[in-house]
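Bear in mind these aren't lab numbers, they're just calculated from the coordinates by the rules spelled out. None of these values were measured; they are calculated from a predicted model. Every residue, glycine as well, gets a Cβ built from its backbone with ideal geometry; the counts of neighbours run over all protein chains shown.
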Amino acid sequence: MNPEIIQFKQERELGEILSVTFKFLRQNYKAAGKIFIKIVGPAFLLLIAAVTYYSWSTFGTSIFGTGGLEGSDFILSFGLMILAYLLYVTTMTGTIYHIISSYINNNGRILPAEVTSGMKSDFGKLLVLTLVAWILIFAGMILFIIPGIYLFVPLSLTTATLVFRREGIMESISASFQLIKENWWMTFASLLCIALIVYLISLVFQLPAIIFFLFRAFIVASEGSAANPADLLGPGYIFINIFTSTVQYIIYSITPVGVAFVYFNLNEKQNFTGTYETIQNLGNNKQI
């Protein structure tokens, strides 16, 4: 029995957005997962490599040897991690939005060739748009935090707007601000709830790192040898931290699915796209 096709283009309350997000994931994790691994996999592996290098550098241990932490090593490792994370976020969010776009356009079917083609076409714009959004949010945070929080809401929708509306970078930013007009608080609440749920799920996988830290802190305190963070944490913490980071980055892929439903909810409130398409389809069926 084929699962019921999920309609994206309709208005939903917050609770419905959350439930339908996980419903979509349950129904499509196999088909979407294969495409996700193929397109996002290289960027994901690059990110894990960068996180590994950064973790070792932070704790004063070089991958290529031992010795003290050099400031240049820290700057290099941190910069590489940020670049790798930017590449991963861009690839991951773009791929998920194109998966959803293919799902909508093909009545519940996800076509790998369509997703791949869409990502090849949009990757450059998605990368620039993600970077611009980060810069604007960071600048807003510096200005007493509140402007950054305000900008975060519309800018979270920009990549979804670019993919689903097939628009340029500036048009996507402008359209996203238009979407949250008179709906900022509702959008903020929706994004916050999605973020909290994703965080709580990822928190489960952070427990090993927390337990290890508490255990090491107890051992070091009892021995009176807490000379530096490396003595307190040890190499074991680094490996656990890399594992938990890996799982968290995978879990974070839930977020764009929820954001997509938030986008379509706002778009439907303003433009009634799904309603018009339903009426048009009814008219076509009558003619047949």
Exercise for review: Considering the options S77, S172, F144, tell which one lies farthest towards the positive end of the dipole of the range 14-276, charges being +1 on Lys and Arg and -1 on Asp and Glu at the Cβ, about the Cα centre.
Suggested key: S172
Review point. Can you list the HN-Hα couplings for the range 207-213, worked out from phi with the Karplus curve (6.51, -1.76, 1.60; θ = phi - 60°), rounded to whole Hz and with x for Gly and Pro?
Key: 4, x, 5, 5, 5, 4, 4
Review point. What is the extension gain from I82 to N107, computed as 0.36 nm multiplied by their sequence separation minus the C-alpha to C-alpha distance, in nm to one decimal?
Key: 5.3 nm
Point to revise | Over 21 Å (Cα to Cα) - which of K9/K30; K23/K181; K30/K269; K34/K125; K34/K120 fall in this group | key: K9/K30; K23/K181; K30/K269; K34/K125
Review point. Which FRET efficiency value, to the nearest 0.05, is calculated for C193 and I146 with the Förster distance at 30 angstrom and r the Cβ-Cβ distance?
Key: 0.90
Exercise for review: With a Förster radius of 30 Å, plug the Cβ-Cβ distance of S19 and E167 into 1/(1 + (r/R0)^6) and report the FRET value to the nearest 0.05.
Suggested key: 0.55
**Study point:** Relative contact order %, the range 14-276, counting alpha carbon pairs below 8 Å whose residues are six or more apart
**Key:** 20
Check your understanding: How much length is gained if the chain between K38 and V247 is pulled fully straight, taking 0.36 nm per residue apart and subtracting their Cα-Cα distance, in nm to one decimal?
Key -> 73.5 nm
Review point. Treating the beta-carbon of each Lys and Arg as +1 and of each Asp and Glu as -1, no other charges, what is the dipole magnitude of the range 14-276 about its Cα centre, to the nearest 20 debye?
Key: 800
Check your understanding: Which ³J(HN,Hα) values in Hz, rounded to whole numbers, follow from the phi angles of the range 11-17 under the Karplus curve 6.51 cos²θ - 1.76 cosθ + 1.60, where θ = phi - 60° and Gly and Pro get x?
Key -> 6, 9, 7, 4, x, 5, 4
Study note, to complete from the structure: Quick calc: nm separation of the 7 Å Cα→Cβ label points for F138 and E182 -> 3.6
